[in-house]
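Data block below; observations after.
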């Protein structure tokens, strides 16, 4: 009975995501209903075998807050084959790419812009730069990844970090701001 209910939820969530303009690959698993906001020509591409854990029952670290996929006009949010994301906010004003088999922990925020001019109220334009998470990278729960950051292939970001600068491939990093702590000895 549980597997039947789960199947119905996943099909309904996929249908709703498709209706909102998401491009869904094969074997996508939506555990719950993400909040999807797509403006104009913005694209949300969810690759083959991607898993999105929105519901609290899908990941014990989910706080019950919904997952947000927000894409502005002209931006592209691409979740590549086999990646997984748990109840996080992903806000693409220009572009965010999450690499193959990468994992994004619960409660993360990935935002490719400052969201407002700095200083607030000034006539300066809002700063925006794309974010790229490399293949097989792991971003720990409650981490914030800011505009213009690239996290290298196979790197691990410790939970609760604030990533303000690029992180090279194959390292462990963490803290606020996140800094490289050591090189990983795993094969990339």
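Computed from the coordinates by the stated procedures, all read-outs in this text should not be read as laboratory data. The model shown is predicted, which means the values in this text are computed figures rather than measured ones. We place every Cβ from the backbone using ideal geometry, glycine too, and count neighbours over all the protein chains shown.
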Length-normalised contact order of the chain, Cα under 8 Å, at least 6 apart, in percent, tallies to 12 percent
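How high is the FRET efficiency between residue 164 and residue 184 when r is their beta carbon distance and R₀ equals 35 Å, given to the nearest 0.05? If you can, show how the numbers build up before the last one.
On the way: r = 21 Å, r/R0 = 0.60.
That pair, residue 164 with residue 184, gives E of 0.95.
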Match the structure shown to one of the listed values (1) 40, 17, 16; (2) 26, 21, 14; (3) 31, 20, 16 of semi-axes √(5λ) of the Cα gyration tensor in Å, computed from it, and give that label. (2)
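Just subtract the alpha-carbon distance of residue 26 and residue 4 from 0.36 nm times their residue separation and send over the number in nm, one decimal.
6.0 nm
Helix-derived [θ] at 222 nm for the chain: sum -39500 (n - 2.57) over DSSP H runs of at least 4, divide by residue count, nearest 500? Intermediate results must be reported in sequence, preceding the final value.
Values: 1 runs with 18 residues, N = 188.
Helix-only estimate at 222 nm: -3000 deg cm²/dmol.
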Given 10 Å bins starting at zero, what is the percent of C-alpha pairs of region 122-188 in each, up to the one with the largest pair distance? 24, 52, 16, 7, 1
One would report the antiparallel percent of DSSP beta bridges in the chain, rounded to the nearest 5, as 10 percent
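Nearest 0.05, what FRET efficiency do residue 73 and residue 127 give at R0 = 25 Å with Cβ-Cβ as r?
Numbers: r = 18 Å, r/R0 = 0.70.
That gives a FRET efficiency of 0.90.
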Top mean-square fluctuation among 70, 31, 176, Gaussian network model of the chain, C-alpha springs under 10 Å? 176
